[in-house]
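Data first, discussion second: the structure below is written as structure tokens.
The values are calculated or read from the model by the stated rules, or taken from the named source; none is laboratory data. On a predicted model such as this, the values are computed, not experimentally measured, just so you know. All Cβ positions, even for glycine, are placed from backbone atoms using ideal geometry, and neighbour counts span all protein chains on display.
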């Protein structure tokens, strides 16, 4: 996956997360999974790769952990 691809995927993920809003994970799981796989299909990667990239770049809250 190229740097440009990663940047575009993360941009799509930010848009997706804004659309989902601030709702509990268990209530958004099905929609989140579907959207991650759609983003992956758009860029020729798996939904799991998109999720991994998202989690690696997700802002951490508080602390230095």
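Some observations on this one:
- Meets criteria (surrounded by fewer than 10 Cβ atoms within 10 Å (Cβ to Cβ) and either touching a residue at least 60 places away in the same chain (Cβ under 8 Å) or assigned to a helix (DSSP H, G or I) (or both)) for residue 22: no
- Within the stretch 1-13, the residues that satisfy the criterion of being without any contact (Cβ under 8 Å) to a residue 24 or more places away in the chain and under 12 Å from residue 50 (Cα atoms) are 7, 11.
Rundown of residues vs (1) surrounded by fewer than 10 Cβ atoms within 10 Å (Cβ to Cβ); (2) at pLDDT 85 or above; (3) part of a helix (DSSP H, G or I); (4) out of contact with any strand residue (DSSP E or B) (no Cβ under 7 Å at 6 or more places or on another chain), yes/no style:
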residue	(1), (2), (3), (4)
4	yes, yes, yes, yes
13	no, yes, yes, yes
26	yes, yes, yes, yes
29	no, yes, yes, yes
32	no, yes, yes, yes
42	no, yes, yes, yes
45	no, yes, no, yes
52	no, yes, yes, yes
63	yes, no, no, yes
